Each structure stands twice: as structure tokens, then as C-alpha cells.
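S.K.: Before we start, here is the structure in question, set down as C-alpha cells.
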Amino acid sequence: MPQIQKCPLCDKVLDFLHLPGLATLYGRNLPEWDPKSCYAADLAAICSVYISSSVFDNLTKGLVPIKNSKTQWHIERKGTSFALALAFISSVSKFNGAVTGANAQYLRRELDRYSGTSSELIQFYDDSPGLDYAAMCSRGARFFEESMRRANLKPRKDWLEMLPHVHGMLVGALAGAGSYLGVNPRRADSPISGSLMDFLEKGDQVSQQQIFVPEPVVEDIDLQKPRNDQKFIVGDSRRDFPLWEKRCMEAVDERRLPRDLFKDLIPNLDVADHVLRDARAWVEVLEGTFPGRNKWLEDEGVQDSDIEDFWGAPPWVQNFREALVKKEFELQVSTTVKGGVEFVNALSMALFFMPTFSIACPSSSLYRRTTLLPVQDSRELEESGFFPEPLPFELFSRVNNFMSKHTDREKELLLMGNDVRTMNALCRKLIADGQL
């Protein structure tokens, strides 16, 4: 995100605080950025630390044997706490700008990755004036219970007996979070002077001196290195490496490929490029490198969510996706050739079932239809129109998801039914028809 797009909390708080695995929920990553929406999301991140730690501390006192729990639940409870905090903040401040439109879709999608159904809380107060602790805490308790089930945690008590305890914990946690945020009654030992809610109500009229930095003493808070303010840089994803690694392996699974053959495409933590760039700003940079690229994306049906999905990931993940496509083609073609099929026919068979992608657009001098394909001297084949036009790499996840939902036989029937001979052509037709 460009430097000018910051809310008061971006530098004052988030350079010091970090929620492991949840950096994509910070306000600076919202697709429709504005100061108040950014501020509300960042404030929810701060508030979620209080809620998450309160739930964690109470559960360790007898409800669940936390020592034997899986890392999954620790991520999920933080995601659920964020959703709960945002619903709480939206209600108390009567500000819903961070939870509507594209921002709501983005936060819902990210929360679904972290903590399943907790995304229901994102728009919990859109049409519900006033504060309903009972409804919010009841729903939050259910989400925490569901996350513990997914993590295979074994409660010492029956689930139905445990839920009222969780409900009570959340009531107390939200009351404490309200005091923490400066909402009456404010705690005497609160690290905040005034109210952090003021900015949502008064905006730029609030003095920068009224924005304070809580001391990083809570269990969930870790020190973070100062953020790189280089143009377009919005953060560092080093702490989220396990999450991105998991997503990469899930992409392999979606393509029905053996993980062992593709694990080596994931770089070592210490050498991987963990920089996070503002996706929309970066696309504009690419437009300068490849003039006409934005028009190409529009023509191909690329959506804002596709851009955020691809360019919002750290560079090593983008490199992984490119390497995955290239290696899968190499393996497919070489295996078919070993079975006695001529190389050109093996290549044609691969293109029938497998999509190809490109960063460069057709109007660029750097554009090649064979960039990721296992071919060298291919001029004659290219001139003959043998190779299909690659899809924009921004469509990688959407196409991958489509591929995972269909067997080879189903894809073959779709290709023949739509009278096309390559997977790229089929994807284009389905996108144009609104089916992909």
C-alpha cells in the first residue's frame, strides 16, 4: 500500500504488535481502503488480543487440556476473536464501514481460511442497532466450540455443559475489552488515555496524540521488526510462513498431485522472500512494465479478489505457483512420452487437460505462449497456432478450484460439450458465461 494510505494505528500500533498468522486481517490490506475502515480493522486486531488471551487463560484452568492441543486451534481462536472484536467495535461505535461491500467479502474470505464459520460475525450488526451481548456471545461461544472440535480437543466436561462456561467467559472478555478500549467504564489501569473509539466517530478531528501504543505484554503479542516503508511494501509474512506453506500444499492437492514431488518447490524459511506488497498498487506497476496489461485482465474476467489472492501473497508463493505449473507440465509430458507417444502429441494431450498462465500480456514484447512449457525450439509450433494463449496468473486459484471439483472424465465432457480443444479455451468460455 502506498505510504499515504495509513490510519493512525498503522504506525503507532501495528509496528509493535503482531498476531501470528493473521496479518492479512490488518486494515492496510482491505480492498476498499479508507482511514476509518483501516482503523476499525486494526482496532479489532488489538481488541482480539485481549479476547483471545482471556479465552485461552480461562480454558487452561480446567475446561480443555491445552498442553496437548494442536496449533490449528490457536490460530482459529485468534481468528474468531478478531471477528468477535470487529462486531463489538462496529456496534459500540455505530460504525459499519469496515464490514460492508468488498471489505466484508475480503474479511469473510480470510476468516473462513483461519477459523471457519466465524466469518458470520463480520456483518452481524449491519442491520441490528444497539448492543446485544447475549446474541453475540452465544454465537461466539458456538464458534469457539466448533473450532475446538475441528482441532480434536477433548474437553473434561460434556460439550453442552461446557458451552455456558464459554458464554460467560466471552461476556467477561468483551466487558474487559470495552474498558481496554476506553469505553465506559474505563479501567483505572488501562494503558489507554481517552478512548480509541473517538477516531471512528470524529475521524481526522482527533489529535494524533490521542492514539496510544499498548504495552506488548499479552500472551498473543510478539515484537515485530519495524515495517519496511519502501514504496508498495505493506508488511512481512515471515511469521505466516507455515500458513502459506499449507496453502501451497493444498494447491498441489487440488491438482491431485503427489505432495512428495513438489515439496522441494517450497524454499527454506531463511531464504524465502517474505515481503508483502499492496496488490492493487503492484498491478499498476506491472501496467507500466507491460502496457495494456490492465485491459487484458479486464478482458479475461479477472476480479479484484483474484488480484488480491495472487499479488497479496508473498513473492515466494507466487514463484511456487509458477514452478508448480511448469513442473506439472514437465512430468505429464515426459511420462506420456515414456509411454510411447510422440512429443508433440504428448504436449497436445497435456494442453487438453492442463491450463497455462502468464504474467506478461499479449501486447508485451516479453510475452511468450511457451514460457512455462517444456519446449525449446518451438517457433514453427507457435506460428501454427498450436499453443493456446495463456491465462493471467491472477486466475490461478480460481482455475485451480474449478479443476479440483471435476474428474478428468468430467473435464473431457466439458471440453467436448463446449467444442474446445484446450483447458485454457474451456476456462475462458466458462468465465465469460459466469460459470467459473
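S.K.: Could you work out how far apart the two model spin labels at Leu261 and Ser334 are, taking each label as a point 7 Å from the Cα in the direction of the beta carbon, and quote it in nm?
M.R.: Each label point is offset 7 Å from its Cα along the Cβ direction, giving 1.0 nm.
S.K.: Could I ask something else about it? Under a plain spin-label model, where a point goes 7 Å from the Cα along Cα-to-Cβ, how far apart in nm are Thr371 and Asp253?
M.R.: Here the modelled spin labels are 2.9 nm apart.
S.K.: With 10 angstrom as the radius, rank Asp240, Asp309 by how many other C-beta atoms surround their C-beta, starting from the fewest. Mind showing how you got there, number by number?
M.R.: Values: Asp240 23, Asp309 17.
The fewest-first ordering by Cβ neighbours comes to Asp309, Asp240.
S.K.: While we're looking at this one, here's another question. Using 1/(1 + (r/R0)^6) with R0 = 45 angstrom and r between the beta carbons of Ser138 and Thr289, what's the FRET efficiency to the nearest 0.05?
M.R.: Between Ser138 and Thr289 the formula returns 0.30.
S.K.: Stretch Asp112-Asp433 to full length: gain in nm at 0.36 nm per residue minus the Cα-Cα span? Kindly include the intermediate steps, with their values, before the conclusion.
M.R.: Values: separation 321, 0.36 × 321 = 115.56 nm, distance 2.69 nm.
In short, 112.9 nm is gained.
S.K.: Something else about it: Name the trypsin sites (Lys or Arg not before Pro) in the stretch 339-434 that are in a loop by DSSP and that have at most 10 other C-beta atoms within 10 Å, would you? The partial results should precede the final answer.
M.R.: Numbers: sites: Arg368, Arg369, Arg379, Arg398, Lys405, Arg409, Lys411, Arg421, Arg428, Lys429; in loops: Arg368, Arg369, Lys405, Arg421.
When the trypsin sites (Lys or Arg not before Pro) of the stretch 339-434 are filtered for loop state and at most 10 Cβ neighbours within 10 Å, Lys405 remain.
S.K.: For Asn152 and Ala281, compute 0.36 nm times the residue count separating them, minus their Cα-Cα distance, and round to one decimal in nm. Don't skip to the answer; put the middle values down first.
M.R.: Working: separation 129, 0.36 × 129 = 46.44 nm, distance 4.12 nm.
Length gained between Asn152 and Ala281: 42.3 nm.
S.K.: Calculate one ³J(HN,Hα) per residue across the stretch 23-36 by plugging θ = phi - 60° into the Karplus curve 6.51 cos²θ - 1.76 cosθ + 1.60, and present them in order as whole Hz with x for glycine and proline.
M.R.: Result, rounded to whole Hz: 4, 5, 8, 5, x, 5, 9, 5, x, 10, 6, 7, x, 5.
Bear in mind these aren't lab numbers, they're just calculated from the coordinates by the rules spelled out. Please read these numbers as outputs of a predicted model, since none were measured by experiment. Because the Cβ atoms are built from the backbone with ideal geometry, glycine has one as well, and the counts that use them run over all protein chains shown.
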